[in-house]
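Asker: Sharing a structure with you now.
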Amino acid sequence: MEKTKRPLADPELRRRVEDLIRFKGGGHNEEIVADVVENALKMLSDVRSRGDARVIQTALRELRYQFRLFSGYAGKRRVCIFGSARTKPGEPEYVLASLFAKKMVEAGFMVFTGAGPGIMQAGNEGAGPENSFGANIRLPWEQSANPVLEQDKKLMTFKYFFTRKFTFVRQSDAIVLFPGGFGTLDEGFEALTLMQTGKSRLMPLVLMERPGGTYWKAFQHYVEAHLLRNGLISPDDVHLYQFTDNADEAVKWVTRFYRNYHSARFVRENLVIRLKNRPTDSAVMALNEDFAGIISGEPFRVVPVTPEEIEDNDHVELTRLAFGFNRREYGRLRQLIDVLNGM
């Protein structure tokens, strides 16, 4: 067993759980699995309602399964396509979604949708089943997935929206939203909220519609007239998303996001940004001048791979740029990534 990360509330229980893990032959993340087992046993006294217990049971099963599925495709980036299930084949948004998905596959990405009809089916058709994932949701009137994914092993079916939405954000490297109803807006606003608050990694978020369309223009008018004018969001938060009616432009925005930038994580008090190319000393000096407003603590500097990243085998081959990040400035951090990609 690996060392535990917290004080033992019940050493005898922990010993028995460790024995059980050894009986199963051990495996990955043993100390975390031991904690999950301990908490599951606490449900015997803490969770009286059978319905509440089923929520925990089902959520754990759904999350475990999706992590297992995506682990087989860890080297492939994915773009998630959201949009209305009511959009019909032949409509401009349907054609645009299919074309965009096709071009993203040509750029080396896989496509992830909600597996339903409309824009979701268009995305899967454009990508083809071999390059598609789907996360279906069990609804009283919509039980089956679209025909592209109906029999595919990369199709997941969820009972709960919250585990499904978590999967979309967790397993995507970019999000593209086409016009849709409450569900599309919910998924889009959740993705924006998670990035704005640092609860998910930053990624491209593109709003697409037909040429001459007004769906997302009306959204932007609302943002400017009510959210920005009343100080309900930061002016830099609008950099968390982009608009287009052109598939090639959307592909360019998504792929350019990963031209030099790879990923980022917090290590103690610093944000460590992993890059494909090492910045020059003069470029680092310029970052410290141009982005002084998001620094809280140590300035931008190139650093060696950290012990925490070595322990996790977390892309140790890449260049590291670290600094103390003001965690209220994710919109400005999004702009920093664009600068890093332009170096």
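Derivation of every value follows stated rules applied to the coordinates shown; laboratory data play no part. For clarity, every value in this text was computed on a predicted model and none was experimentally measured. With ideal geometry, Cβ positions are generated from the backbone for all residues, glycine too; neighbour counts draw on all protein chains shown.
Asker: So what's the convex hull volume per residue for the Cα atoms of the stretch 78-257, in Å³? Don't skip to the end; give the middle numbers.
Answerer: On the way: hull volume 19.9 nm³, N = 180.
Looking at the stretch 78-257, the number lands at 111 Å³ per residue.
Asker: Identify, among 227, 166, 33, the residue whose Cα sits farthest towards the positive end of the charge dipole of the chain, taking +1 on the Cβ of Lys and Arg and -1 on the Cβ of Asp and Glu, with the dipole about the Cα centre.
Answerer: Going by the Cα projections, it comes out as 33.
Asker: Here's a follow-up. Can you show me the helix-derived [θ] at 222 nm for the chain, built from DSSP H runs with n ≥ 4 at -39,500 (n - 2.57) apiece and divided by the number of residues, rounded to the nearest 500. Can you show the working numbers first?
Answerer: Numbers: 12 runs with 148 residues, N = 343.
Roughly -13500 deg cm²/dmol at 222 nm, from the helical runs in the chain.
Asker: Sticking with this structure for a sec: Over the chain, what is the relative contact order in whole percent, taking alpha-carbon pairs under 8 Å and six or more residues apart? If you can, show how the numbers build up before the last one.
Answerer: Numbers: 503 pairs, mean separation 42.9, N = 343.
Relative contact order comes out at 13 percent.
Asker: Cross-link candidates for residue 199: which lysines have Cα within less than 17 Å, leaving aside residues fewer than 8 places away along the same chain?
Answerer: Straight-line reach from residue 199, under 17 Å: 165.
Asker: Which Cα, out of 273, 341, 300, lies furthest along the positive dipole direction of the stretch 261-341 (beta carbon charges, K/R +1, D/E -1)?
Answerer: Final value for the positive-end residue is 341.
Asker: Relative contact order for the stretch 68-141: what is it in percent, counting Cα pairs under 8 Å that are at least 6 residues apart? Before the final figure, lay out each step's value.
Answerer: Working: 124 pairs, mean separation 24.6, N = 74.
Result for the stretch 68-141 is 33 percent.
Asker: Provide the packing ranking of 318-324, 60-66, 86-92, 41-47, i.e. peptides ordered by the mean count of other C-beta atoms within 10 Å per residue, highest first. Please list the in-between numbers first.
Answerer: Numbers: 318-324: 20.1, 60-66: 15.4, 86-92: 13.6, 41-47: 11.6.
In decreasing order of mean packing, 318-324, 60-66, 86-92, 41-47 become 318-324, 60-66, 86-92, 41-47.
Asker: Pull up the cross-link candidates among the aspartates and glutamates for residue 217, meaning alpha carbon to alpha carbon under 12 Å and not fewer than 8 places away within one chain.
Answerer: Leaving aside aspartates and glutamates fewer than 8 places away in the same chain, those within reach of residue 217 are 209, 245.
Asker: Which net charge results for the neighbourhood of residue 209, defined as the other residues with beta-carbon distances under 13 angstrom from its beta-carbon, given Lys and Arg at +1 and Asp and Glu at -1?
Answerer: Details: positive: 210, 217; negative: 91, 93, 245, 249.
Residues near residue 209 contribute -2 overall.
Asker: Taking the Cα centre of the chain as origin, sum charge times position over the Cβ atoms of Lys and Arg (+1) and Asp and Glu (-1), and report the length of that vector in debye to the nearest 20.
Answerer: Details: 48 positive and 44 negative charges, 133 e Å.
With Lys and Arg at +1 and Asp and Glu at -1, about 640 debye.
Asker: Is there a quick way to get the dipole size of the stretch 261-341? I mean about its Cα centre, with the Cβ of Lys and Arg at +1 and of Asp and Glu at -1; what is the value in debye to the nearest 20? Before the final figure, lay out each step's value.
Answerer: Numbers: 11 positive and 13 negative charges, 46 e Å.
The dipole of the stretch 261-341 has a size of about 220 debye.
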